There are 2 protein chains.
Amino acid sequence: MTAPHATSCPMDSILRLLMGPWTSYILWILQSEGPLRFGALKRKVPGISAKVLTERLRLLEEAGVIFRDYKPTIPPQVTYGPADRGKELAEVFKTLNAIGRRWAEEDKMEKAGKAA
Amino acid sequence: MTAPHATSCPMDSILRLLMGPWTSYILWILQSEGPLRFGALKRKVPGISAKVLTERLRLLEEAGVIFRDYKPTIPPQVTYGPADRGKELAEVFKTLNAIGRRWAEEDKMEKAGKAA
DNA sequence: TAAAGTACGTACAATATAGTAACTATCGAT
DNA sequence: ATCGATAGTTACTATATTGTACGTACTTTA
């Protein structure tokens, strides 16, 4: 009874997956830079902690958005990259990026106009 | 230095706007059911509190995703509905919904297969 | 006089999330 | 023998967000 905000809408589960801090950025990097090892990925996301990065990667993997390739060498090598579902999302990301960029432009224009 | 997760990617601001509990559902309702008054909208989102609904509506309005029409009658009538930017997002929502639905289907199939 | 409805705002508590730091195992190098 | 690297995990703390309950201003209804 704590968090009943059931939405019964499939989009919501995707948004909920992507929403936390870092998440979309992580996915964006994996999509644009291809498969990366944990340490390399962490270095690409400055400021993130290992804990949160692990957590996010687990969620994304569970959702089938990224793959995880674990090689039990010593030291272990774990590589992450976009899976099929991640590539599907990439399309939506592109659209959202375009929209976001345009909105930012519009906001800037409007502000400039107001300043007159 | 508390939350530095700067992403420098325009999509992120949109995701951050939509991500809280209820938010996408509210927008979805306004898109599919057209303009609604505060009370009517609240009844469509069972479980949400007036406080959070107000907060979400303010954010969406500030982003230009919905409009707010205030009529200072007694009692006041405040109507919310999708604005131009909201209609833009509707396209993305449709795509995300389709993807989400398909993923749910696939997951169900896979689970059924595993049960054998 | 009191209750109820509208559209909120505010204060406070509860909860969820994120951050920090230290710890794990193993090996090679120093 | 200790350090450092890899890829985390665990415990604990700090912060942010949510939820709950009540207050507001005004009018109508009982």
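The values are calculated or read from the model by the stated rules, or taken from the named source; none is laboratory data. It should be emphasised that the depicted structure is a prediction, and the values quoted were computed from it without experimental measurement. Here the Cβ is made from the backbone with ideal geometry for all residues, glycine too, and neighbour counts use every protein chain on show. Please note that ligands, DNA and RNA were not included when accessible areas were found on the heavy atoms of the full protein model with its side chains. Shrake-Rupley method; radii C 1.70, N 1.55, O 1.52, S 1.80 Å.
So what is the accessible area of chain B per residue, in Å², with the probe set to 1.4 Å? If you can, show how the numbers build up before the last one.
Working: 6660 Å² over 116 residues.
Each residue of chain B exposes 57 Å² on average to a 1.4 Å probe.
For the stretch A:38-55, take each phi angle, set θ = phi - 60°, evaluate the Karplus expression 6.51 cos²θ - 1.76 cosθ + 1.60, and give the result in whole Hz per residue in order, putting x for glycine and proline.
3, x, 5, 4, 4, 5, 7, 10, x, x, 6, 8, 4, 4, 5, 4, 4, 4
Quick one: which residues, 5+ away or cross-chain, put their amide H under 5 Å from the amide H of A:Arg37? H built at 1.01 Å from N.
A:Tyr80
If you plug each phi of the stretch B:69-77 into the Karplus form 6.51 cos²θ - 1.76 cosθ + 1.60 with θ = phi - 60°, what whole-Hz ³J(HN,Hα) values come out, in order, with x for Gly and Pro?
Those phi angles translate into 10, 9, 10, x, 7, 10, x, x, 10 Hz.
Defining the label point at 7 Å along Cα→Cβ, can you sort the distances from B:Lys111 to the same site in each other copy, shortest first, in nm?
Result, one decimal in nm: 4.6.
Report the paramagnetic label zone for A:Ser13: residues of the stretch B:62-99 whose backbone N is under 20 Å from a point 7 Å from Cα along the Cα-to-Cβ axis.
Counting backbone N atoms under 20 Å from the label point, the list is B:92-99.
If you build a Gaussian network model of chain A, linking Cα atoms that sit under 10 Å apart, which residue out of A:Pro82, A:Pro21, A:Pro72 swings the most?
Highest fluctuation among the options: A:Pro72.
Taking the C-alpha atoms of the stretch A:70-111, how large are the radius of gyration and the largest Cα-Cα span, Dmax, in Å?
In Å, with Rg to one decimal and Dmax whole: 18.6, 57.
Leaving out ligands, DNA and RNA, what percent of the accessible area of the stretch B:10-115 is carbon and sulfur, probe 1.4 Å? Present the calculation step by step, with values, prior to reporting the outcome.
Working: 3330 of 5770 Å².
Accessible surface attributable to carbon and sulfur in the stretch B:10-115 totals 58 percent.
With a 1.4 Å probe and all protein chains kept in place, how do B:Phe38, A:Phe93, B:Phe67 rank by accessible area, largest first? Don't skip to the answer; put the middle values down first.
Numbers: B:Phe38 55, A:Phe93 5, B:Phe67 80 Å².
From most exposed to least exposed: B:Phe67, B:Phe38, A:Phe93.
So which residue of B has the beta-carbon closest to the axis that swings B onto A, and how many whole Å away?
B:Met19, 2
With charges only on Cβ, +1 for K and R and -1 for D and E, what is the dipole size of the stretch B:10-115 about its Cα centre, in debye, rounded to 20? Provide the component values of the computation, followed by the final result.
Details: 18 positive and 13 negative charges, 85 e Å.
The calculated dipole for the stretch B:10-115 is roughly 400 debye.
With the label 7 angstrom out along Cα to Cβ, how close does A:Leu59 come to the same site in each of the other copies, in nm, nearest first?
For A:Leu59, the inter-copy label distances come out at 1.4 nm.
With an 8 Å Cα cut-off and a minimum separation of 6 or more residues, compute the relative contact order for chain A in percent. Walk me through the numbers before you get to the answer.
Numbers: 82 pairs, mean separation 26.2, N = 116.
It comes to 23 percent, rounded to a whole number.
Considering only C-alpha atoms, what is the centroid distance from the stretch B:41-83 to the stretch A:13-48, in Å?
Here the two parts' Cα centres lie 34 Å apart.
What aspartates and glutamates could a cross-link reach from B:Lys111, if we take a straight Cα to Cα line under 18 Å and drop same-chain neighbours fewer than 8 places away?
A:Glu61, A:Glu62
Checking the table A:Lys94/B:Lys87; A:Lys87/B:Lys94; A:Lys87/B:Lys108 against a 19 Å threshold on Cα-Cα, which pairs fail?
Details: A:Lys94/B:Lys87 17 Å; A:Lys87/B:Lys94 17 Å; A:Lys87/B:Lys108 21 Å.
Beyond 19 Å: A:Lys87/B:Lys108.
Taking the radius of gyration and the Kirkwood hydrodynamic radius from Cα positions alone, what is the Rg/Rh ratio for the protein assembly as shown, to two decimal places? Working shown, then result.
Values: Rg = 20.0 Å, Rh = 19.7 Å.
Over the Cα atoms of the protein assembly as shown, Rg/Rh equals 1.02.
Interface B/A, total buried accessible area with a 1.4 Å probe, nearest 100 Å²?
Details: alone 8330 and 8340 Å², together 13320 Å².
Adding both sides of the contact gives about 3300 Å².
Provide, in order from the shortest bin, the percent of all Cα-Cα pairs of chain A in each 10 Å bin, continuing until the bin that contains the maximum pair distance.
Going from the shortest bin to the longest, the percentages are 12, 36, 28, 17, 7, 1, 0.
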